[in-house]
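Quick notes on the structure that follows.
The values are calculated or read from the model by the stated rules, or taken from the named source; none is laboratory data. Since we're looking at a predicted model, the values are computed, not measured. Counting neighbours? That spans all protein chains shown, and the Cβs are built from the backbone with ideal geometry, glycine included.
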Amino acid sequence: MAQATNGTEPPPTEEELSAARLRLAVEGPVARVTISRPDRRNAMTGRTWTTLARIGRTLPDDVRVVVIDGDGDIFSAGIDLGMFSPEGVDGERSMVAGLADGTSGEAEVEDYIAGLQEGFLWLRRPDLVTVAAVRGHAIGAGFQLALSCDIRILADDAQLCMKEPALGLVPDLTGTKPLVDIVGVNRAVEICLTARRVGAEEARDLGLAELVVAADELPGAVDDAVAALLATNREAATATKALLQQAAGNTLGQQAEAERRAQTARLTALARSTARGEG
């Protein structure tokens with residue numbers, strides 16, 4: 001089990017991980033998080049996402065790469081629809097209880113959703129490279145979890161679907177921005193409002209997958225990607241990811257300035273390392 005690094009919050013225990021239907025394995029610089037609820041097609045609940053957030057907050061400092069996958073032959077069927085029943089799921093809070101009669105205010109629900117989103121947002125941290133290994137269906141929240149990762153490696157049987165609008169909902173787990181960033185507004189509208197399934201080959205063509213491999217080759221392809229990522233200098237990788245993340249929102253002049261700043265910091269670090277005899 002990983003050890004807490006922030007000095008205040010411990011990582012989730014095995015019992016807490018099991019209750020959230022997650023498995024966590026940390027081996028040196030690599031953390032592997034598996035959605036483990038195969039009896040329900042790896043459907044997720046609020047506890048899944050709040051526990052994911054806690055994993056992100058308590059990862060050991062030496063973790064560089066995080067791999068997210070699903071147990072068995074499916075990534076995730078998305079949210080457990082029981083979350084929308086008045087009683088919720090397994091004692092968890094219902095997404096709708098109290099809204100109809102006014103006992104829960106809209107601001108309270110927004111705060112609750114913000115807590116769930118934390119389970120997705122940490123995957124964008126510049127100091128981590130996150131990889132989604134997708135086999136079978138990645139539906140709704142499952143699709144959004146894959147979209148939260150930097151790199152998506154898909155088995156050739158993968159099917160992506162943004163199901164929420166078909167259920168009378170909107171995608172609310174931070175997936176709309178990366179989807180639009182990757183495929184553009186018009187294609188994102190078509191994918192979301194038809195709730196159709198995007199197969200692996202189309203996903204690759206649209207830029208939603210960096211690599212598509214045969215299902216039995218998925219573990220090896222992920223391992224190869226992890227090895228290549230770890231071969232890159234960590235500080236340079238962190239600085240480069242931060243640069244790339246801000247590029248879309250910057251003008252060319254702003255991005256050039258950001259590059260100069262980042263490169264000066266790297267050159268300074270390398271020079272000091274050489275002076276200390278470390279290089």
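For residues that are assigned to a loop (DSSP other than H, G, I, E, B) and out of contact with any strand residue (DSSP E or B) (no Cβ under 7 Å at 6 or more places or on another chain), tally how many sit in the range 149-164. Walk me through it before giving the result.
Our first condition is that a residue be assigned to a loop (DSSP other than H, G, I, E, B); within the range 149-164, this holds for 149-150, 156-158, 162-163.
With the extra rule that they be out of contact with any strand residue (DSSP E or B) (no Cβ under 7 Å at 6 or more places or on another chain), the set shrinks to 157, 162.
Adding up the residues that qualify gives 2.
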Top-ranked residue in the range 250-279 [being modelled with pLDDT of 95 or more and not in a helix (DSSP H, G or I); ranked as nearest to the chain's Cα centre (by Cα)]: Asn250
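Just to check your reading of the model, which residue among Glu108, Glu92 is among the acidic types (Asp, Glu), closer than 26 Å to Gly136 by Cβ and in the same structural domain as Arg135 (by TED's automatic domain parsing)? Working first, answer last.
Working: Glu108 fails: closer than 26 Å to Gly136 by Cβ.
Going through Glu108, Glu92 in turn, just one is among the acidic types (Asp, Glu), closer than 26 Å to Gly136 by Cβ and in the same structural domain as Arg135 (by TED's automatic domain parsing): Glu92.
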Helices (runs of 4 or more DSSP H) contained entirely in the range 165-226, each with at least 2 residues that are within 19 Å of Ala133 (Cα to Cα) and among the small types (Gly, Ala, Ser): 200-206
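Test Thr34 against the stated conditions and say whether it is crowded, with 23+ Cβ neighbours inside 10 Å and under 15 Å from the mean Cα position of the chain (by Cα).
Numbers: crowded, with 23+ Cβ neighbours inside 10 Å: no; under 15 Å from the mean Cα position of the chain (by Cα): yes.
No; evaluated as a whole, the condition is false for this residue.
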Cβ pairs under 8 Å, 6+ apart, first in the range 267-279 and closer than 17 Å to Arg234 by Cβ, second assigned to a helix (DSSP H, G or I): Ala269/Glu235; Gly279/Leu270; Gly279/Ser273
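For every residue, the table says whether it meets (1) assigned by TED's automatic domain parsing to the domain that holds Ile113; (2) closer than 19 Å to Asn42 by Cα; (3) among the hydrophobic types (A, V, I, L, M, F, W, C).
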{"position": "Cys149", "(1), (2), (3)": "yes, yes, yes"}
{"position": "Leu179", "(1), (2), (3)": "yes, no, yes"}
{"position": "Val183", "(1), (2), (3)": "yes, no, yes"}
{"position": "Cys192", "(1), (2), (3)": "yes, no, yes"}
{"position": "Ala195", "(1), (2), (3)": "yes, no, yes"}
{"position": "Glu201", "(1), (2), (3)": "yes, no, no"}
{"position": "Asp205", "(1), (2), (3)": "yes, no, no"}
